[in-house]
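J.: Dumping the structure here so I can ask a few things about it.
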Amino acid sequence: MAQGLIEVERKFVPGPGTEERLQELGGTLEHRVTFRDSYYDTPELSLMRTDYWLRQREGSGWELKCPGAASVSGPHTEYTELTAEPSIVVQLCEVLGAGAPGAGAPGAGGVAAVLGPLGLQLVASFVTKRSAWKVVLSGADGEERLLRVDLDTADFGYAVGEVEALVHKETEVPAALEKIHHLSSLLGVLAQERAPAKLIVYLQRFRPQDYQRLLEVYGSKVKP
């Protein structure tokens, strides 16, 4: 698979005092932004059922989340993020069992050009209001790690927060997780608290048959 950053994150239910607590911890509000996310999959959810998540974000372009090694269990997720369209196209073709499109360079036409040939269609689309924070935590070894905290409210009324770290190598994941869990604890998040992603709640409310398809694969395990 093409190389990409490894995203390690933990979702939680934010409270009315979460932003104030972030300020107390020295967090910096980077921006407030509103954007639309559109998710694509086959009618059978061939991507989501194998833990791949294809998204087009307004103003940011395409992203494919690919399953990480998940070497450490717990209330977090680990994905490799692909954002270069040629890499996304190659990975989509591999996951969906299709040959590379066209005779030229794979992905030269971009993701939009292969949606139809690969049988991908719009599955979910919603608008999110986000406040994005950054927090720098110092470890016992004196090393500082930047963590990002996003507080989201979707246009269908669901609010969720996430603490995220981006790393380059699998060996960096345990240290990132330690920081994520530490910051989560400082924010008052319970040790085993899990909060579903906006997409999962959207499917549960508006596409219950698709939600049921995912339950058959993952059970109560939160994705993505």
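J.: Identify the residue in the stretch 10-28 that is touching a residue at least 24 places away in the same chain (Cβ under 8 Å) and within 22 Å of Asp155 (Cα to Cα) and, among all such residues, is surrounded by the most Cβ atoms within 10 Å (Cβ to Cβ).
T.: The residue in question is Lys11.
J.: Any chance you could count how many residues in the stretch 176-190 are open to solvent by 10 Å² or more (accessible area, probe 1.4 Å) and touching a residue at least 24 places away in the same chain (Cβ under 8 Å)?
T.: 8
J.: Tell me, yes or no, whether the stretch 213-223 has at least one residue that is outside any loop (DSSP other than H, G, I, E, B), of a type in the set (Val, Ile, Thr) and surrounded by 14 or more Cβ atoms within 10 Å (Cβ to Cβ).
T.: No; the residues of the stretch 213-223 include none that is outside any loop (DSSP other than H, G, I, E, B), of a type in the set (Val, Ile, Thr) and surrounded by 14 or more Cβ atoms within 10 Å (Cβ to Cβ).
J.: Filter the stretch 29-52 for residues that are open to solvent by 10 Å² or more (accessible area, probe 1.4 Å), in a helix (DSSP H, G or I) and touching a Pro at 6+ places or on another chain (Cβ under 9 Å) and give the result.
T.: Thr50
J.: Looking at (1) under 23 Å from Leu166 (Cα atoms); (2) of a type in the set (S, T, N, Q); (3) at pLDDT 95 or above, which is the one condition that is false for Thr80?
T.: (3)
J.: Just checking, does the stretch 62-77 include any residue being acidic (Asp, Glu) and modelled with pLDDT under 95?
T.: No, that holds for no residue.
J.: Something else: Any chance the stretch 149-169 includes a residue that's open to solvent by 20 Å² or more (accessible area, probe 1.4 Å), outside any loop (DSSP other than H, G, I, E, B) and farther than 28 Å from Gly15 by Cβ?
T.: Looking through the stretch 149-169, none of the residues is open to solvent by 20 Å² or more (accessible area, probe 1.4 Å), outside any loop (DSSP other than H, G, I, E, B) and farther than 28 Å from Gly15 by Cβ.
J.: What tally of residues in the stretch 192-209 results from selecting those that are without any contact (Cβ under 8 Å) to a residue 60 or more places away in the chain and either in a loop (DSSP other than H, G, I, E, B) or surrounded by 16 or more Cβ atoms within 10 Å (Cβ to Cβ) (or both)?
T.: 3
The values are calculated or read from the model by the stated rules, or taken from the named source; none is laboratory data. What you are looking at is a predicted structure, and each value in this text was computed from that prediction instead of being measured. Cβ sites come from the backbone with ideal geometry, for glycine too, and all protein chains shown count toward neighbours. These accessible areas exclude ligands, DNA and RNA; they are computed on the full protein's heavy atoms, side chains included. Shrake-Rupley method; radii C 1.70, N 1.55, O 1.52, S 1.80 Å.
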